[in-house]
């Protein structure tokens, strides 16, 4: 049975339970241990835990492809993580969290980046599963035996851009900032040392991709919203960023849901950009 993607409903997942690898990506930026603790208390049956900082980022002293608070791991490093979860490029994977997909989207992006094609985010996350009557399991699921070396694609499947190339090409792309409006404007900055945004960036808070029920808005609505922001530019000319490259993936996912294709990730995002005092800053 094929895997619906990029989103899967709780009902669709229930039909496939036991035939997909489940990853629980719950996390709390303010309490980094909270997501893993919540996972141990109750998770979808058979789910493995994917920790934002330990598994989905290259935190110091690990090598990283960019700066910022949640730098990308090199593809070979993340491939080793995927292999530890028992994954291969042909695996079917469903990722979920309890935050509207803000962390699950990062795992979705990383897995596709290293060549896992059949990966979906559970629409509505843990709440949608339990609301549909889905059972939870406690404890920690043991990972299956690694399937061996994880072969990487010769060229990464999804596009990224670094700070230098972005700064040189700001006038040639549409840059979308997924942070909350008050952080984008520079009114407040609770996480990074400088407030403001990258000059020319447009604000698209990731929460606008969701309805009141925590599920993604209909594809047609998302398409209309993004086309209005980007002027209908091709996805390859749209760059996504946020504070540290996490919620930017939510906008990447939303554009994919809308049928607009894969946009570009600036993974270092504001936390990397503002760390260099020579880079320009805009406010307001």
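The values are calculated or read from the model by the stated rules, or taken from the named source; none is laboratory data. Everything quoted here is computed from the prediction, not taken from an experiment. Using ideal geometry, Cβ is built from the backbone for each residue, glycine included, and neighbour counts are taken over all protein chains shown.
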Practice task
For the stretch 120-140, indicate whether the set of residues that are out of contact with any helix residue (DSSP H, G or I) (no Cβ under 6 Å at 6 or more places or on another chain), in a loop (DSSP other than H, G, I, E, B) and more than 26 Å from residue 37 (Cβ to Cβ) is non-empty.
Solution key: no
Exercise for the section: For the stretch 213-231, state whether one or more residues are closer than 26 Å to residue 71 by Cβ, not assigned by TED's automatic domain parsing to the domain that holds residue 121 and not in a helix (DSSP H, G or I). Expected result: no
Practice task
For residue 200, state whether it is within 29 Å of residue 120 (Cβ to Cβ), in a loop (DSSP other than H, G, I, E, B) and touching a helix residue (DSSP H, G or I) at 6+ places or on another chain (Cβ under 8 Å).
Solution key: no
Practice task
Please state which of the following conditions residue 256 fails to meet, knowing it meets all the rest: (1) surrounded by 23 or more Cβ atoms within 10 Å (Cβ to Cβ); (2) touching a strand residue (DSSP E or B) at 6+ places or on another chain (Cβ under 8 Å); (3) in a helix (DSSP H, G or I).
Solution key: (2)
Handout entry: Selected residue (criterion: nearest to residue 129 (Cα to Cα)) from residues of the stretch 36-51 that are part of a loop (DSSP other than H, G, I, E, B) and touching a helix residue (DSSP H, G or I) at 6+ places or on another chain (Cβ under 7 Å)
Key = 44
Problem - Matching residues, the stretch 53-76, being crowded, with 16+ Cβ neighbours inside 10 Å and part of a helix (DSSP H, G or I) - result: 75
Completion exercise
Residue hits (the stretch 235-247; out of contact with any helix residue (DSSP H, G or I) (no Cβ under 6 Å at 6 or more places or on another chain) and within 24 Å of residue 64 (Cβ to Cβ)) are 239
Exercise for the section: Answer yes or no: is there a residue in the stretch 151-170 that is outside the structural domain of residue 66 (by TED's automatic domain parsing), under 29 Å from residue 41 (Cβ atoms) and either out of contact with any strand residue (DSSP E or B) (no Cβ under 9 Å at 6 or more places or on another chain) or not in a helix (DSSP H, G or I) (or both). Expected result: no
Handout entry: Residue, surrounded by the most Cβ atoms within 10 Å (Cβ to Cβ), within the stretch 171-188, restricted to residues that are in contact with a helix residue (DSSP H, G or I) (Cβ under 6 Å, 6 or more places away or on another chain) and part of a loop (DSSP other than H, G, I, E, B)
Key = 178
Handout entry: Output for the stretch 236-253, where each listed residue is in a helix (DSSP H, G or I) and more than 11 Å from residue 205 (Cα to Cα)
Key = 236, 237, 249, 252, 253
Exercise for the section: Could you tell me which of the residues 98, 82, 107 is assigned to a helix (DSSP H, G or I), at pLDDT 95 or above, more than 24 Å from residue 272 (Cβ to Cβ) and outside the structural domain of residue 215 (by TED's automatic domain parsing)? Expected result: 82
